[in-house]
1. Could you list all residues from the range 17-38 that are more than 15 Å from F355 (Cβ to Cβ), open to solvent by less than 20 Å² (accessible area, probe 1.4 Å) and either in a strand (DSSP E or B) or of a type in the set (F, W, Y) (or both)?
2. What single numbered condition from (1) among the small types (G, A, S); (2) farther than 19 Å from I317 by Cα; (3) within 15 Å of the chain's Cα centre (by Cα) fails to hold for S212?
3. Could you check the range 323-344 and list, in sequence order, the residues that are acidic (D, E), within 18 Å of the chain's Cα centre (by Cα) and open to solvent by less than 20 Å² (accessible area, probe 1.4 Å)?
4. For the range 302-322, what are the residues that are open to solvent by 50 Å² or more (accessible area, probe 1.4 Å) and within 23 Å of D233 (Cα to Cα)?
5. Restricted to the range 155-189, and to residues that are under 21 Å from Q329 (Cα atoms) and of a type in the set (S, T, N, Q), which residue is surrounded by the fewest Cβ atoms within 10 Å (Cβ to Cβ)?
6. Starting from the range 214-243, keep only residues that are over 20 Å from Y284 (Cα atoms), then list their pairs with residues that are among the charged types (D, E, K, R) whose Cβ atoms are within a distance under 7 Å, requiring at least 6 positions of separation or different chains.
7. Say whether the condition of being touching a residue at least 40 places away in the same chain (Cβ under 8 Å), of a type outside the set (D, E, K, R) and closer than 20 Å to S189 by Cα is met by at least one residue in the range 294-316.
8. Kindly evaluate A353 against the criterion of being among the hydrophobic types (A, V, I, L, M, F, W, C) and over 15 Å from A159 (Cβ atoms).
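The values are calculated or read from the model by the stated rules, or taken from the named source; none is laboratory data. Because the structure is a prediction, the values reported are computed rather than measured. No Cβ is skipped: glycine too gets one built from the backbone with ideal geometry, and neighbour counts run over all protein chains shown. Note: areas computed on protein heavy atoms with side chains; ligands, DNA, RNA excluded. Shrake-Rupley method; radii C 1.70, N 1.55, O 1.52, S 1.80 Å.
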Amino acid sequence: MRHIAICGDNVHALVAQPGFVTTVKIDGVPVHCGLIYTRDTQFDNQSPENALKVLVKIKAFSCNYRDKALILRTATQAPAHWFNVIGSEFVGEVIDAGAEVTGFQVGDRVIGNNAYPDSGVEGLPAGVPTNQASKEYRVFHQAKLIKVPPEMPDQIAAAFSIGAQTAYSMVRKLQITEGANVLVTAAKSNTSLFVIQALKKYNVNLYATSTSRKFEQELLNLGVKRLIQIQPDSDEWIDAELVQEIQTEIHGFDCIVDPFFDLHIGKLIPALKAGGRYITCGLYDQCSEFTNQSFEYKGMAIRELFVSMMFGNVQIIGNCIGLTEDLQQAIEDYINGKFDVLVDSVFTGNEVAKFFDRTFNDKDRFGKVVYQYT
């Protein structure tokens, strides 16, 4: 059984071929990573404890921003002979099932169902099914999986579930109406790309922010009306003339979708119209404790922020992943050509370091990066 793992300093001495350990730097931190072989997972389909579980063979997986902190924690704190299997999204094939499993058969292709805050089964934790999606054979409760259609290739399926479920949840909560002016921050981040794709079926005026104009044309092709370049290290942040031009054009945003509240909220709340809605699903500063790279919040102090919210009757909405229905809707829209997933690149075999480098370092990345077992 294969695993893609983050390894302690001496794991390379314990790994036999065809396994291997190599090194890549992420945010300046040396990260030992590799392909590790262990014994196959055993699964007894007649065991009562496996009655509602299925054995899945992972075919491909991908990482999200949440994985970065897990990787850097292992790289900086793990014992020398320790390794940690990584990955939060996957596509796999059902190869065995417990006696009471319904809805899945051997041969079905599945992805994770990250339903939150309720898994739908009493006592079964909600949220992401695994932080070790690259473990080649995994046992899951059936409620933590959902089938994918034959129209969806493995490369797409391996990059689908968390981004789609999160994006559709946020769009649902915003109750977007036709003609709304919507701003999506951090346009090149994977979450924002999913949101931009999810908004394509709505007749909205879509704006986006980014620290550069790279991929501007690609974003315009996805339906973004205007890309707004920000300068996060500047007090002005956005060119004053551009701010005036946008204010004249739309008089403020009805909705803001932001994957990194600690980067943007203190600057963007005043950009909302009265009664506007701001939704966020995450924070940027998840890794500074492992990299020794300082992070400084910039923007309104909390008192100013809440005063602005109150006078503007602004709603701030938190979001963590989404419901099963959100993921089902995303899959249905994919089948009907209303939703797509951008896959930047696919790696295989000994390209483990290249996979992590492209996922977390490469500024030319545009979309999800996938590792596929062959």
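1. V29
2. It fails just one condition, (3).
3. D326
4. I302, R303, E304
5. Among residues in the range 155-189 that are under 21 Å from Q329 (Cα atoms) and of a type in the set (S, T, N, Q), the one surrounded by the fewest Cβ atoms within 10 Å (Cβ to Cβ) is Q175.
6. The qualifying pairs are F215/K188; G223/K200; L227/R213; L227/E216.
7. Checked the range 294-316: no residue is touching a residue at least 40 places away in the same chain (Cβ under 8 Å), of a type outside the set (D, E, K, R) and closer than 20 Å to S189 by Cα.
8. Numbers: among the hydrophobic types (A, V, I, L, M, F, W, C): yes; over 15 Å from A159 (Cβ atoms): yes.
Judged against the criteria, A353 is a match.
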